[in-house]
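Peer 1: Pasting a structure here, questions to come.
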Amino acid sequence: MAEIAEERYITPLAKWSRVLEIFIPGYMFGKAWGIANEHTVDLYRAIFPGFLIDMAEGMKGWLIQTDSAPLERLFSTCSGALVGFLVILVLGAFMHFALGDRKYIDSLRFTSITLIPLAVMNGTLSHVTNTLFETLGGGETIETLTKSAVDSPTNQIRMFCVFYMLAIWMLGKRTGVVGKRRWFVLLVGIGFLAAYFYLGLGITPQEAAEVLPKMMAAHGQH
């Protein structure tokens, strides 16, 4: 039985699954940082850490050399995904140190899989941003728009941060992380969230009140 189990883990499909366990969550995690356009990029910088959006925008300027809208959107999401992979590589190093009992590639898999809740959160925040821009011009006041721009992202962020902590705790149990190391990986996750917030995750009423008039003017021209 041991030989059969070992053969199952060395099949090409199993090897591909290990790669995809890193690639798919990483792509989902970072792509939201690259899909801003000239009308919404300021709001993206307010909701997400500004330097991440700037990195993605810089990569877009290098990658996008076409007038095709579908290709432009593909390259935009790819630019954000590249930034996401860089973040995962750094976070994976801290997770690898906390786990301490596996190869770095396996620590990257653990890091990527547990980031799925935050990947969904980033996608949700980008959807909220784009929806907000599309609904401008309907007679809403700045106060109403500011409340909408602040409340919805804040509630989404709180919910998905809880899911992220649960993902780390439960996957740690599932993959054999025991004793104090289970608490270490949880602390790494908490530290990552703290850094994400410190660098600019979330939007304040002041930021919204500053950015929304610019978006309304851009929407009027659009």
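Peer 1: Taking the conditions exactly as written (out of contact with any helix residue (DSSP H, G or I) (no Cβ under 6 Å at 6 or more places or on another chain), more than 23 Å from Ile35 (Cα to Cα) and either among the β-branched types (Val, Ile, Thr) or free of Cβ contacts under 8 Å to residues at least 12 places away in the same chain (or both)), does Thr131 satisfy them or not?
Peer 2: Here the answer is no, as Thr131 does not meet what is asked.
Peer 1: Of the conditions (1) of a type outside the set (Ser, Thr, Tyr); (2) within 21 Å of the chain's Cα centre (by Cα); (3) over 30 Å from Ile142 (Cα atoms), Gly176 satisfies every one except a single condition; which number is it?
Peer 2: All conditions are met except number (2).
Peer 1: Can you name the condition, by its number, that Asn155 falls short on among (1) closer than 30 Å to Ala217 by Cα; (2) within 17 Å of the chain's Cα centre (by Cα); (3) crowded, with 18+ Cβ neighbours inside 10 Å; (4) not basic (Lys, Arg)?
Peer 2: (3)
Peer 1: If you don't mind, there's one more thing I want to ask. I want to confirm something. Restricting to the stretch 169-219 and keeping residues that are assigned to a loop (DSSP other than H, G, I, E, B) and not hydroxyl-bearing (Ser, Thr, Tyr), which single residue is nearest to Phe29 (Cα to Cα)?
Peer 2: Filtering first and then ranking leaves Leu201.
Peer 1: Oh, and also: Are any residues in the stretch 97-116 of a type outside the set (Phe, Trp, Tyr), buried (at least 20 other Cβ atoms within 10 Å of the Cβ) and under 17 Å from Ile22 (Cβ atoms), and if so, which ones?
Peer 2: Leu99, Ser107, Leu108, Arg109, Thr111, Ser112, Thr114, Leu115, listed by residue number.
Peer 1: Still on this model: Here are Val211, Val188, Val178: which of them is closer than 15 Å to Ala98 by Cβ, surrounded by 13 or more Cβ atoms within 10 Å (Cβ to Cβ) and not small (Gly, Ala, Ser)?
Peer 2: Residue meeting the stated conditions: Val188.
Peer 1: Further question on the same structure: From the residues in the stretch 1-38 that are loosely packed, with under 11 Cβ neighbours inside 10 Å and among the hydrophobic types (A, V, I, L, M, F, W, C), which one is modelled with the highest pLDDT?
Peer 2: Taking the candidates together, the pick is Leu13.
Peer 1: When the residues of the stretch 39-58 are filtered to those that are among the small types (Gly, Ala, Ser) and modelled with pLDDT of 90 or more, which remaining residue is surrounded by the fewest Cβ atoms within 10 Å (Cβ to Cβ)?
Peer 2: Gly50
Peer 1: Moving on. Which pairs have Cβ atoms under 7 Å, sit 6 or more apart or on different chains, and link a residue in the stretch 141-170 that is modelled with pLDDT of 95 or more to one that is basic (Lys, Arg)?
Peer 2: Within 7 Å, no pair qualifies.
The values are calculated or read from the model by the stated rules, or taken from the named source; none is laboratory data. Note that the structure is predicted; figures quoted are calculated from it, not measured. Cβ: placed from backbone, ideal geometry, glycine included. Neighbour counts: every protein chain shown.
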